[in-house]
Each structure stands twice: as structure tokens, then as C-alpha cells.
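First up is the structure itself, then whatever we jot down about it.
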Amino acid sequence: MPPRPPAPYPAARLRRLRRTNALRDLVAETRLSAADLIWPVFIREGDGLEEPIPSMPGVARLSIDRLLARAEAAHALGITTICLFPYTDPALRTEDCEEAWNPDNITNRAIRALKAALPELSVMTDIALDPYNANGHDGFVVDGVIVNDATVEALVKMALAQADAGADILGPSDMMDGRIGAIRTALEQAGHADLAILSYAAKFASGFYGPFRDAVGAAGRLVGDKKTYQINPANRDEALRCVARDLDEGADMVMVKPGMPYLDICRAVKAEFGVPTFAYQVSGEYAMLRGAALNGWLDGEAVMMESLLAFRRAGCDGILTYFAPDAARLMRA
Ligand code: PBG
């Protein structure tokens, strides 16, 4: 329902309800809680390691033991879900990407360790070949072309390995055609009928992924760009078609990515489909806000909370954000 237009002044003075904190809280239309946040975490081999990522100040690649400690603290702050992204040993990055479906790769070991230590914390995964690919692409590259159907077969193997390891939510982020249906069918056949898929459905070909590619070590490898599979930032109708398609193929939840420059897409997806809708406030958005705050140009806490609330206002049920623990801590205080 559109808001009722205000009565003429002075019958209406809209500032009356902005006068105190209590009044502002009482009439707040949107709220944010730690339970709305999914925390993306970078993992790597090692012991006792927290390796800082220069383009993402405050974010580090964690060895599994450190992941467990950080996850426990995040869970205690009310965060319900962690999403894992691997930094793969360079020696294991190949053209055939076999490490991606190795049951003992770093991601699958981390899933098992998390589920053993913190069974109530949900573990979300990423399904795409880029952290394992010699050339940094999300799919197989044959004669310079990112091939669709062979990639989907590999993604299915990757999904099944993550399902067997105990993941709670699978997150296909690759943007190949037909991958949600193929993964859903394989899960049904393998006895994983209850496993949730959060599809990166409306994923745009964005410059805001730069720091992430540093974090997973794909930046120096990427040959060309991802414009033949990720959506053109000019296109809204196409994004809605992608969401409709992924829902039809068996996605339980959908994501818009990046976040802040695409709030119109978040709004449209929620209004059109009414399904659980998430936004990914990606690495470049984090770097932008954190970098400016570290330079003293922005109030870091204020813009962090304002940006997260904006996703809720736009219609998102939740947000993937590198700020998750900081925001949860602030909300707890
Ligand atoms: C790739 C993937 C990307 C991100 C998540 N999964 C990068 C890309 O598509 O190049 C980006 C996340 C971020 O920037 O924080 N499978």
C-alpha cells in the first residue's frame, strides 16, 4: 500500500515522530538483526594462521583452527550462517579443476570441522571453479571459450562432495545455464533431498569483485573477463528472468550480487517473486567503506549499519557481508 499523503501543515508535522530515540525506534519500518547476516570467510591451509588481505583491511584468510575459533565467536554474537571461500594452494589449480570435487579439499574439510564443532551454525558453500582453475574462470575454458555444459557436470560433482561433507546451504555462484536444475536432480538422486540451494541468481559482471579475487588468489590468473556468463550491469529484466529460471529449476533462495549498486534489483526480485531474497555486499563495497573509514573520511560504524539497513529496506531477507561480526557486535552492545 502506498503511504497516505500527509495532511497539510501544521496538522501534520512529520518531525513529531523524529523527536526522540524512543519515538524513532517505535516507528522504524525496517529492522536489522545478527540473524539476518551471512558471514563470508576465506580459508586456507595451515595452522594458527590469520593472513591479512591487503585490499580488504580487517579481513584475513583463516586456517581451519582459526576458522573454528572465529566461527564460535560469531555464532555467540547471533550469526547463524557462515559461507566458505577457499584460497587453494597454487599447485592444486589446474585446467581440469579436479581439486574442486576432492572430498578432502580445504572447503570440505572445513565443512566437516565446523559441523562437528558447531552443529547449530549453518555452513554455506560456494560452487564455482574459480578458486581451483589455472585461469581464474568459474568454468572450464576450451579454446578461449568458457564452456557451459561440461562445467555444469563438474559443478554437480562439486555440489555432491559439499553435500556429503555436511553443508547446510549450497551456493552456486558460477552463472552457467542449467546448473541449478542439474544440481537439484543430483541431490535428489543422492539422498540429499532436503539440502537448500541459495542461488547466485542475479549476479552481475562487476568491477566490485576485485578484492575478492585477491583474497582467493584468482586475480593474477584471470584471463579476460566474466562478461560471457555474468549479467550486464545495464539489465534488469534479464536479472528477473535469471531469478525466475533458477526458482523453476529448484533454488530455495536467491541472491542479488553485488549489493549496494543493485538495490533496485533487490526490490524488484522481492516484489516479483516473494521468495527468500539475499544481497551480497561484495568485497569492493566492503573495501570502499572500510578504506574510507580508515582514512577518517567516513564514520565506519555509521555507514556499515546504514548500508546493511538499506538492504532490509529494499526488501532483502538477509545480507552476505564481511562486516557481519562487527555489525553483530555493535548490535549486541
Ligand atoms: C566467483 C565468486 C566471486 C565472488 C563470489 N564468488 C567473484 C567473481 O565472480 O569473480 C565475489 C564476492 C566478493 O567480491 O566479495 N565464483
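The values are calculated or read from the model by the stated rules, or taken from the named source; none is laboratory data. Predicted model only: the values in this text are computed from it and were never measured. When we count neighbours, we look across all protein chains shown, and the Cβ atoms used for this are built from the backbone with ideal geometry, even at glycine.
Taking region 230-244 as the search range and keeping residues that are surrounded by fewer than 19 Cβ atoms within 10 Å (Cβ to Cβ) and in contact (Cβ under 8 Å) with a residue 12 or more places away in the chain, which one is nearest to residue 142 (Cα to Cα)? Restricting to residues being surrounded by fewer than 19 Cβ atoms within 10 Å (Cβ to Cβ) and in contact (Cβ under 8 Å) with a residue 12 or more places away in the chain, the top hit is 232. Can you name every residue in region 142-168 that is within 14 Å of the ligand (Cβ to nearest atom) and either in a strand (DSSP E or B) or surrounded by fewer than 18 Cβ atoms within 10 Å (Cβ to Cβ) (or both)? Answer for region 142-168, where residues must be within 14 Å of the ligand (Cβ to nearest atom) and either in a strand (DSSP E or B) or surrounded by fewer than 18 Cβ atoms within 10 Å (Cβ to Cβ) (or both): just 146. Please work out if residue 190 is touching a Ser or Thr at 6+ places or on another chain (Cβ under 9 Å), modelled with pLDDT of 95 or more and surrounded by fewer than 22 Cβ atoms within 10 Å (Cβ to Cβ). No, not satisfied.
The residue that is nearest to the ligand (Cβ to nearest atom), counting only those in region 295-333 that are among the hydrophobic types (A, V, I, L, M, F, W, C), farther than 23 Å from residue 74 by Cα and more than 19 Å from the chain's Cα centre (by Cα), is 298. The strands (runs of 3 or more DSSP E) located wholly in region 1-112 that include 3 or more residues which are modelled with pLDDT of 95 or more and touching a helix residue (DSSP H, G or I) at 6+ places or on another chain (Cβ under 6 Å) occupy 37-43, 81-86. The combined condition, being surrounded by fewer than 20 Cβ atoms within 10 Å (Cβ to Cβ), modelled with pLDDT under 95, out of contact with any strand residue (DSSP E or B) (no Cβ under 8 Å at 6 or more places or on another chain) and not aromatic (Phe, Trp, Tyr), is not fulfilled by residue 181. Of all the residues in region 121-134, those that are out of contact with any helix residue (DSSP H, G or I) (no Cβ under 7 Å at 6 or more places or on another chain) and either surrounded by fewer than 18 Cβ atoms within 10 Å (Cβ to Cβ) or assigned to a helix (DSSP H, G or I) (or both) number 3.
In this entry, residue 273 passes the filter for residues that are among the aromatic types (Phe, Trp, Tyr) and away from the ligand (no atom under 12 Å from the Cβ).
From the residues in region 198-231 that are part of a loop (DSSP other than H, G, I, E, B) and under 18 Å from the mean Cα position of the chain (by Cα), which one is farthest from the ligand (Cβ to nearest atom)? Once the filter is applied, the top-ranked residue is 217.
List pairs: first residue in region 110-132 and within 11 Å of the ligand (Cβ to nearest atom), second residue in a loop (DSSP other than H, G, I, E, B) and of a type in the set (S, T, N, Q) anywhere in the structure, Cβ distance under 7 angstrom, at least six positions apart or on different chains. Here the result reads 126/173; 127/173; 128/173; 131/88; 132/88, each pair linking region 110-132 to a residue that is in a loop (DSSP other than H, G, I, E, B) and of a type in the set (S, T, N, Q).
Taken over region 171-187, the criterion of being of a type in the set (A, V, I, L, M) and in a helix (DSSP H, G or I) is satisfied by 180, 182, 183, 186, 187.
Report whether or not residue 276 is in contact (Cβ under 8 Å) with a residue 24 or more places away in the chain, surrounded by fewer than 21 Cβ atoms within 10 Å (Cβ to Cβ) and in contact with a strand residue (DSSP E or B) (Cβ under 7 Å, 6 or more places away or on another chain).
Numbers: in contact (Cβ under 8 Å) with a residue 24 or more places away in the chain: yes; surrounded by fewer than 21 Cβ atoms within 10 Å (Cβ to Cβ): yes; in contact with a strand residue (DSSP E or B) (Cβ under 7 Å, 6 or more places away or on another chain): yes.
Here the answer is yes, as residue 276 does meet what is asked.
Do the conditions hold for residue 292, that is, is it under 27 Å from residue 213 (Cβ atoms) and either crowded, with 16+ Cβ neighbours inside 10 Å or within 16 Å of the ligand (Cβ to nearest atom) (or both)? Give the steps one after another, and end with the answer.
Numbers: under 27 Å from residue 213 (Cβ atoms): yes; either crowded, with 16+ Cβ neighbours inside 10 Å or within 16 Å of the ligand (Cβ to nearest atom) (or both): no.
No.
Away from the ligand (no atom under 12 Å from the Cβ) and part of a helix (DSSP H, G or I), is that true of residue 243? Criteria met by residue 243.
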